[in-house]
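Contents: one structure, followed by commentary.
The values are calculated or read from the model by the stated rules, or taken from the named source; none is laboratory data. Remember, it's a predicted structure, so these values are computed and weren't measured experimentally. Positions of Cβ are generated from backbone atoms using ideal geometry, with glycine treated the same way; all protein chains shown enter the neighbour counts. Side chains included, ligands, DNA and RNA excluded: accessible areas come from the protein's heavy atoms. Shrake-Rupley method; radii C 1.70, N 1.55, O 1.52, S 1.80 Å.
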Amino acid sequence: MSLRPAVLAVLLVALALTSTRVSAQDWSGIDEAAVDAVGSGEIPGVVVLLGRGDEIVYRRAWGSRRVVPDHVAMTEDTIFDIASLTKPFGTTLAVMSLVERGQVKLDGPLGRYLKEFRGRAHDMVTIRRLLTHSAGLPAIPPSGTLNPGFPKAAALLAKVPFDYPPGTAFQYSDTGFILLGEMVRRVSGEPLDRYLDNHVFKALGLRDTSFNPSGQVRSRVAPTEYVNGHLLVGEVHDSRARALGGVAGHAGMFSTAADLARICRMLLDGGSLEGKRVFKPATVAMMWARSPEGNGSRALGWDISSSYSLTASPFFPPDSVGHLGFTGTSVWINPTTRSYLILLTNRVHPNGGGGTKILELRTRVGPDLGTKVAMGDSTAPATDGGEESVKPAPLTSVVRSGLDVLVAQNFAPISGYTIGLVTNQTGIDAQGRRAIDRLAAAPGVRLAAIFSPEHGLVGDASTDVPNGRDVVTGLPVWSLYGTTRRPTSAMLRGLDLIVFDIQDVGVRYYTYLTTLLYVMEEAARARIPVVILDRPNPINGRVVEGPLMDPDLASFTGPHPIPVRTGMTIGEFGRMAAMERRIPVSLSVVPLEGWERGRWFDETGLPWVNPSPNIRSLTQALLYSGIGLLEATNVSVGRGTDRPFEVIGAPWLDPHRVSQDLNALRLRGVTFEPVVFTPNADRYQGLPCGGVRVVVTDRETVRPVTVGLAIAKTLRSRHRDQFRPEAIQNLLVNRATMWAFLRNESLDRLVAWTEMERSNFLNRRASYLIYK
């Protein structure tokens, strides 16, 4: 069995902005969700607690606390190894307590508190950067460094080289929090566990929160995993924490849902609980403020929108905070509505499994909670159809790409430079000759290196791409979709100009845009100018469609706050991104000649080259801007067939009824046909799928993002028990629209949400446009 897509929707109604209490019958769906989770055999037991302010809205347990050597039922007061929840609920609270007392300075260097880290080499390793995982330290301490325990371990860790310069990146680091735990001990004179007990836990009246639980409470501890034939019960699961005696800054705490709820309540009440003040309101506010350190995705000790929080942060307001734990624990808090979710499992019991199922469980819980508590006013603005008032200009000439223009200029703009060329199979001139070969033979130009994006230099790779050499020129080909997605200093060595020549498809989540962004950022650091050889937006530059990306949800498939269908060329995007992100890069664009905003690619006279393995036609590029949103869900989008993004399907989908439902919507420029297909690759490989073919009848009027959302709504209605829509947010990355979808608002209102910020975007875009 699998979890229902909106399995906790009814459960979370009571966390909305209203104060209406919910009757017992409103929770009926949670039993099926719990039975599915524990019935999989991967997760022994589950405890869920939902709170709003001082009220526990819902609390229940399912499954087993332990399954071996004997069975014990899960109870609401079960004590869990909360793993990395130790970081925000333990170590961070201890550190902020010392900050509040004036004993620790957030921007003070670690060496001020740990003598082993004194000296210029560690001056930039600050307490703030340790809390935000941006201190340059390795994710995991090297083998053997913790074996002697502290203080000797500090001396060994101080000799470990940085993974990156402190303050320049984000890397989730157990190492940093291990050192913070030791800092608490040295500054306060008390071990971390004793300090927390004396200064935080006792004041909160916590009964079951501790490191190394023993005595009578041990019988309520959920076991984790067998290690060397020994079942861990009350002993921390994390091996590095065990090496430190069970008390460490990164892991080691045990707690219950009720105790964690008291900590959440205290924080939501500005640092006090039931009349007892533990922190000042300013301390809590400071702790939860998004930090600019690293990549801006973390607060002090808390996650906000890092890659680790994808099951929660894309569905919650940007000021929400939380954290996950390896053993199957998670907490997410919405300060705006004073609501919180606690989800505790012992998914690693007894043999370390449950990784897939806990991801699925979190993915179901996060979207529903976020949707129910995030917004009070669901009144959406009117939509104007998703296109500019400017009508397409008449076609008057054959288009020349930026590469063709550069050739016509006899390469004068790049003459005298040693060049690195970012390109792939789409970088060709009007006669089909490669940009690589044109630049390698260009007068006054020295082509020294080639860089390739996702899918590699010839555009046929479907996984990570290794470095290599070009078979024609013998030049090194550096992959920007392998061990790194950014050009490194070693790759850029000896270059004094970077030329970018890649055809994109006019869609935000097409990763060539991010590759350009990363290239500009690294070129700026190396003080190397960038030249973009512009190419057409193949699905025209007039229509803008879909919601803007929420700025804090940036990722490799979400480079910048722009709509799904961008209405920009890659050169125009480069200009916008460089300016709005304040990238100090010397950027120039060699513009197209003869291209107008209303022109489609097949009206340019330029040769079509598949920009990636599954975009094989202009129609597929157009539909990708909407059908692509469904890729991460549990439907096939036609990969492994002759019609990727023209068909969608699944073994459980009823093709005739879904087609009828979609045709009844009378969407502009498109019809739907029932089909059956069997993918030979990707999702549902080898399985017959009932499906729907999307037939574009008028490309000028079809709005693919609307089509994609209409399909999702139809599947959610027709196949509610099978369809898993939450992962649409992976590429939609817009909370307001996703909330509206999960609230089951009408398609018209959903489309209105997608267009809510469109006018603002068009105003932003105007100054970066090159073409009329």
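Working carefully through the options S23, S19, S97, find the one that is modelled with pLDDT of 65 or more and among the small types (G, A, S).
It is S97.
Go through region 554-588 residue by residue and tally those that are of a type in the set (S, T, Y), open to solvent by less than 20 Å² (accessible area, probe 1.4 Å) and touching a Phe, Trp or Tyr at 6+ places or on another chain (Cβ under 6 Å).
0
Quick one: how many residues across region 716-734 are assigned to a helix (DSSP H, G or I) and touching a Gly at 6+ places or on another chain (Cβ under 7 Å)?
Result for region 716-734: 1.
Which members of region 425-439 meet the condition of being open to solvent by less than 10 Å² (accessible area, probe 1.4 Å) and either within 33 Å of the chain's Cα centre (by Cα) or farther than 20 Å from V519 by Cβ (or both)?
Those that are open to solvent by less than 10 Å² (accessible area, probe 1.4 Å) and either within 33 Å of the chain's Cα centre (by Cα) or farther than 20 Å from V519 by Cβ (or both): T426, G427, D429.
Just to be sure, is I770 open to solvent by 50 Å² or more (accessible area, probe 1.4 Å) and modelled with pLDDT of 95 or more?
Answer is yes for this residue.
Quick one: T473 ticks every box in (1) surrounded by 21 or more Cβ atoms within 10 Å (Cβ to Cβ); (2) part of a loop (DSSP other than H, G, I, E, B) bar one, so which box is it?
All conditions are met except number (1).
For region 732-741, give me each residue that is surrounded by 23 or more Cβ atoms within 10 Å (Cβ to Cβ) and of a type in the set (A, V, I, L, M, F, W, C).
L732, V733, M738, W739, A740, F741
Give the residue, chosen from P350, P381, that is of a type outside the set (K, R), out of contact with any His (no Cβ under 9 Å at 6 or more places or on another chain), at pLDDT 85 or above and in a loop (DSSP other than H, G, I, E, B).
So the residue among P350, P381 that is of a type outside the set (K, R), out of contact with any His (no Cβ under 9 Å at 6 or more places or on another chain), at pLDDT 85 or above and in a loop (DSSP other than H, G, I, E, B) is P350.
Residue by residue through region 241-261, note down the ones that are assigned to a helix (DSSP H, G or I) and surrounded by 22 or more Cβ atoms within 10 Å (Cβ to Cβ).
A241, A257, D259, L260
Where the second residue is assigned to a loop (DSSP other than H, G, I, E, B) and of a type in the set (A, V, I, L, M, F, W, C) and the first is open to solvent by less than 20 Å² (accessible area, probe 1.4 Å) and lies in region 446-461, which pairs have Cβ atoms under 6 Å and are six or more apart or on separate chains?
Once the first residue is open to solvent by less than 20 Å² (accessible area, probe 1.4 Å) and sits in region 446-461, its partners that are assigned to a loop (DSSP other than H, G, I, E, B) and of a type in the set (A, V, I, L, M, F, W, C) give I450/L475; F451/L480; P453/L480; G456/V465.
Mind counting the residues in region 652-680 that are polar (S, T, N, Q), open to solvent by 70 Å² or more (accessible area, probe 1.4 Å) and over 32 Å from the mean Cα position of the chain (by Cα)?
Number satisfying all stated conditions: 1.
Only residues that are touching a residue at least 40 places away in the same chain (Cβ under 8 Å) and not aliphatic (A, V, I, L, M): list them for region 48-69, please.
G51, R52, G53, D54, Y58, R59, R65, R66, P69
Within region 213-232, work out how many residues are under 34 Å from the mean Cα position of the chain (by Cα) and part of a loop (DSSP other than H, G, I, E, B).
Number of matching residues: 5.
Give the residues of region 307-325 that are surrounded by fewer than 19 Cβ atoms within 10 Å (Cβ to Cβ) and either in contact with a His (Cβ under 9 Å, 6 or more places away or on another chain) or of a type in the set (S, T, Y) (or both), sorted by residue number.
Of everything in region 307-325, those that are surrounded by fewer than 19 Cβ atoms within 10 Å (Cβ to Cβ) and either in contact with a His (Cβ under 9 Å, 6 or more places away or on another chain) or of a type in the set (S, T, Y) (or both) turn out to be S307, Y308.
Given the criterion of a type in the set (A, V, I, L, M), open to solvent by less than 10 Å² (accessible area, probe 1.4 Å), out of contact with any Gly (no Cβ under 9 Å at 6 or more places or on another chain) and under 14 Å from F89 (Cα atoms), identify the matching residue among L204, L180.
None of the others qualify; the one that does is L204.
Restrict the check to region 481-501 and report whether at least one residue is open to solvent by 10 Å² or more (accessible area, probe 1.4 Å), more than 22 Å from the chain's Cα centre (by Cα) and free of Cβ contacts under 8 Å to residues at least 12 places away in the same chain.
Within region 481-501, one or more residues are open to solvent by 10 Å² or more (accessible area, probe 1.4 Å), more than 22 Å from the chain's Cα centre (by Cα) and free of Cβ contacts under 8 Å to residues at least 12 places away in the same chain.
Note down all Cβ pairs under 8 Å where the first residue falls in region 400-420 and is within 24 Å of F601 (Cβ to Cβ), the second is in a helix (DSSP H, G or I) and not aromatic (F, W, Y), and they're at least six residues apart or on different chains.
As it stands, the answer is R400/A408; G402/G571; L403/A435; L403/R438; L406/P413; L406/I414; V407/R438, since those pairs meet every condition given.
Return the only residue of E274, E293 being charged (D, E, K, R) and either crowded, with 24+ Cβ neighbours inside 10 Å or at positive phi (or both).
Just one listed residue meets the conditions, E274.
Any idea how many residues of region 535-581 are polar (S, T, N, Q) and either farther than 20 Å from R485 by Cβ or over 21 Å from the mean Cα position of the chain (by Cα) (or both)?
4
Considering only residues that are surrounded by fewer than 15 Cβ atoms within 10 Å (Cβ to Cβ) and among the small types (G, A, S), which ones fall in region 215-238?
Selection gives G215, S219, G229.
I'd like to verify a number: residues in region 262-282 that are part of a helix (DSSP H, G or I) and farther than 20 Å from I56 by Cβ, how many?
Counting residues in region 262-282 that are part of a helix (DSSP H, G or I) and farther than 20 Å from I56 by Cβ gives 2.
Kindly check whether there is at least one residue in region 555-570 that is of a type in the set (G, A, S) and farther than 30 Å from V695 by Cα.
yes
Restricted to region 582-624, and to residues that are part of a helix (DSSP H, G or I) and under 32 Å from the mean Cα position of the chain (by Cα), which residue is nearest to A430 (Cα to Cα)?
Selected residue: F601.
Taking the conditions exactly as written (surrounded by 24 or more Cβ atoms within 10 Å (Cβ to Cβ), assigned to a loop (DSSP other than H, G, I, E, B) and either at positive phi or out of contact with any helix residue (DSSP H, G or I) (no Cβ under 6 Å at 6 or more places or on another chain) (or both)), does G541 satisfy them or not?
Yes: the conditions hold for G541.
Which of the residues that make up region 714-729 are open to solvent by 10 Å² or more (accessible area, probe 1.4 Å) and within 23 Å of the chain's Cα centre (by Cα)?
R724, A727
Do we find that R699 is open to solvent by 60 Å² or more (accessible area, probe 1.4 Å), in a loop (DSSP other than H, G, I, E, B) and either touching a residue at least 40 places away in the same chain (Cβ under 8 Å) or closer than 30 Å to L359 by Cα (or both) in this structure?
Taking the combined requirement at face value, the residue satisfies it.
Exactly one of these conditions fails for E190: (1) open to solvent by less than 30 Å² (accessible area, probe 1.4 Å); (2) of a type outside the set (K, R); (3) part of a loop (DSSP other than H, G, I, E, B). Give me its number.
So E190 meets the others, but not (1).
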